[in-house]
Amino acid sequence: MRMRLKDIAVMLVACTVAVPAWAGDFKVHRYVAEKWNTNSYWLESDSGIVVIDAQLFRSDAKLMATMIKSTGKPVAGAFITHAHGDHFGGLNALFEELGSFPVITTQKTADGFKPTHESYLTYGFGDDFDKKLVEADRIVEDGAKLNLAGIDLMVDEIGAGESENSILIYQPDRKILFTGDATMHSAHFYLGEGFSEGALAQHRHIQKTYGDAKLLYPGHGDPATPRSVLASEIEYITFQQSLVKEALNMPGNMKEDGTGLKDDAVKKIVAAILARYPHLGDYDIGAETFLGWNVSGLVRELKTAD
Ligand SMILES: [Zn+2]
């Protein structure tokens, strides 16, 4: 077979095009804090870095910044998934090391930064919790599609659940979802803010909309598939709701002032949760304390619900 000059030219072009890495390619890195096991992620493309969540403490943010700095690439922006201090408290320390960059979230999430920062200042974390608050300065809408450092990312605002408001960040080429604390893996899920119904709705939304995602990257715990996490978490939340509902229906369980369940009733619920889920992490807060907060949140939510 005789090859024509034109065929050879086409082959050469095809070879040259195939050599460079795909323009939208990127690596996912994770920094895990020792305290509360809070995850931050940074996506690294050829041209830059995109951060997702910014840690609680200055010391963790500085370590993470050192790792980002070693790439020699600029930070195109940082998404904050929700207004809990363990996800945005380290922004100022990141700025100090890396220079400033846009802080991206929705308006409702951004509204929570200031009050949360004020309350965290009272938690006794000392100098490691930054007194300087960095506010979000790039407000995006629910459904926003952004391209940062050559990486396509979609914002999905999912309302109240583990926190008062939360966003998901989806990367459609890889089919991966950064959930913030809307999902947590191998650790007790926080229901202390009184939005267990919202948390259930969020889990069902993720199941329905991102059920085919390759991986969920949570705010705490290891990345995992939707199938390995969502159904069991729904069962976990529903179980706690049923225990609290049962206790609320039992006469004499409430404190005289109506502010919550009596200590004995709380202890009984916490013991039942621990017996069923003995393996879950407690963020080094102590499972009894942590689950006590969950029971308070559930009581607040369910005693007023019809
Ligand atoms: Zn968190």
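The values are calculated or read from the model by the stated rules, or taken from the named source; none is laboratory data. Predicted model only: the values in this text are computed from it and were never measured. Neighbour counts run over all protein chains shown; Cβ positions are idealised from the backbone, glycine included. We work out accessible area using only protein heavy atoms, side chains counted, and drop any ligands, DNA or RNA first. Shrake-Rupley method; radii C 1.70, N 1.55, O 1.52, S 1.80 Å.
Got a number for residues in the stretch 61-84 being surrounded by fewer than 24 Cβ atoms within 10 Å (Cβ to Cβ) and within 15 Å of the ligand (Cβ to nearest atom)?
The total comes to 1.
Quickly run through the stretch 108-139 and pick out the residues that are buried (at least 21 other Cβ atoms within 10 Å of the Cβ) and more than 28 Å from residue 291 (Cβ to Cβ).
Of everything in the stretch 108-139, those that are buried (at least 21 other Cβ atoms within 10 Å of the Cβ) and more than 28 Å from residue 291 (Cβ to Cβ) turn out to be 110, 130, 134, 136.
Looking at (1) under 23 Å from residue 169 (Cα atoms); (2) free of Cβ contacts under 8 Å to residues at least 12 places away in the same chain; (3) small (Gly, Ala, Ser), which one does residue 124 not meet, given that it meets all the others?
(1)
Using beta carbons and a limit of 7 Å, which pairs, at least six apart or on different chains, have the first residue in the stretch 32-44 and at pLDDT below 90 and the second one in a loop (DSSP other than H, G, I, E, B) and within 9 Å of the ligand (Cβ to nearest atom)?
Between residues of the stretch 32-44 that are at pLDDT below 90 and residues that are in a loop (DSSP other than H, G, I, E, B) and within 9 Å of the ligand (Cβ to nearest atom), the close pairs are 35/56; 36/56; 36/283.
Taking the residues in the stretch 30-40 that are outside any loop (DSSP other than H, G, I, E, B) and within 20 Å of residue 280 (Cα to Cα) as candidates, determine which candidate is farthest from the ligand (Cβ to nearest atom).
32
Here is a yes/no grid of residues against (1) closer than 23 Å to residue 163 by Cβ; (2) of a type in the set (Val, Ile, Thr):
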| position | (1), (2) |
| --- | --- |
| 229 | yes, yes |
| 233 | yes, no |
| 252 | no, no |
| 296 | yes, no |
| 300 | yes, no |
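Among the residues of the stretch 234-273, write down those that are surrounded by 14 or more Cβ atoms within 10 Å (Cβ to Cβ) and either in a loop (DSSP other than H, G, I, E, B) or touching a Cys at 6+ places or on another chain (Cβ under 9 Å) (or both).
Across the stretch 234-273, the qualifying residues are 253, 260, 262.
Matching residues to (1) charged (D, E, K, R); (2) in the same structural domain as residue 174 (by TED's automatic domain parsing):
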site: 191; (1), (2): no, yes
site: 205; (1), (2): no, yes
site: 209; (1), (2): no, yes
site: 220; (1), (2): no, yes
site: 250; (1), (2): no, no
site: 253; (1), (2): no, no
site: 268; (1), (2): yes, no
site: 273; (1), (2): no, no
site: 282; (1), (2): yes, no
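Within the stretch 194-229, take every residue that is closer than 15 Å to residue 170 by Cβ, out of contact with any Phe, Trp or Tyr (no Cβ under 9 Å at 6 or more places or on another chain) and of a type in the set (A, V, I, L, M, F, W, C) and give me the one that is least open to solvent (accessible area, probe 1.4 Å).
Checked the stretch 194-229; the qualifying residue least open to solvent (accessible area, probe 1.4 Å) is 206.
I'd like to check something: does the stretch 100-115 contain any residue that is farther than 25 Å from residue 151 by Cβ and within 16 Å of the ligand (Cβ to nearest atom)?
yes
Name the residues in the stretch 232-266 that are charged (D, E, K, R), within 30 Å of residue 39 (Cα to Cα) and without any contact (Cβ under 8 Å) to a residue 12 or more places away in the chain, would you? Talk me through it step by step, then tell me what you get.
In the first step, residues of the stretch 232-266 are kept if they are charged (D, E, K, R); the result is 233, 235, 245-246, 255-257, 262-264.
With within 30 Å of residue 39 (Cα to Cα) added as a condition, the list becomes 233, 235.
Scanning the stretch 232-266 gives a single hit, 235.
This table checks each residue for (1) part of a helix (DSSP H, G or I); (2) touching a strand residue (DSSP E or B) at 6+ places or on another chain (Cβ under 7 Å).
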| residue | (1), (2) |
| --- | --- |
| 42 | no, yes |
| 54 | no, yes |
| 66 | yes, no |
| 73 | no, yes |
| 87 | yes, yes |
| 101 | no, yes |
| 104 | no, yes |
